[in-house]
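Written below as structure tokens is the structure these notes are about.
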Amino acid sequence: MKRVSSVAAVSFVVVLLVAVAALSELRVAEAVTCNPTQLSPCVGAITSSAPPSRACCDKLREQRPCLCGYLRDPNLKQFVNSPNARKVSSTCGVPYPQC
């Protein structure tokens, strides 16, 4: 009987940890303020063939939840959808959004 109880307890803890991790991810996404000027460290890499800086990659990761909104904005779409922007995204390990 004790073995069944300990397996159930371990299973419950694992489920609880997964739930907490999922909620943490949601809170991070909610905390992002979508502001395309936050991507200013990426301008050089997007407008030329220069590699993105660490600051660029950090900001790109931070702004990832906002990228679909930027793609819908006619003023930003040309920059976010450019081949260099896709290259920067790939180099930084940020999946290009499928909106």
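Laid out as a table, the results:
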quantity	calculated
Failed criterion for Val94 (all others in (1) exposed (fewer than 12 other Cβ atoms within 10 Å of the Cβ); (2) not in a helix (DSSP H, G or I) hold)	(1)
Residue in the stretch 4-23 that is closer than 19 Å to Asn75 by Cα, open to solvent by 50 Å² or more (accessible area, probe 1.4 Å) and at pLDDT 50 or above present	no
Among (1) open to solvent by 60 Å² or more (accessible area, probe 1.4 Å); (2) at pLDDT 95 or above; (3) of a type outside the set (Lys, Arg), the one test that Val88 misses	(1)
Residues of the stretch 44-84 that turn out to be among the aliphatic types (A, V, I, L, M) and under 24 Å from Ala31 (Cα atoms), as a count	6
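The values are calculated or read from the model by the stated rules, or taken from the named source; none is laboratory data. Since we're looking at a predicted model, the values are computed, not measured. Positions of Cβ are generated from backbone atoms using ideal geometry, with glycine treated the same way; all protein chains shown enter the neighbour counts. Keep in mind that these areas ignore ligands, DNA and RNA; they rest on the heavy atoms of the full protein, side chains included. Shrake-Rupley method; radii C 1.70, N 1.55, O 1.52, S 1.80 Å.
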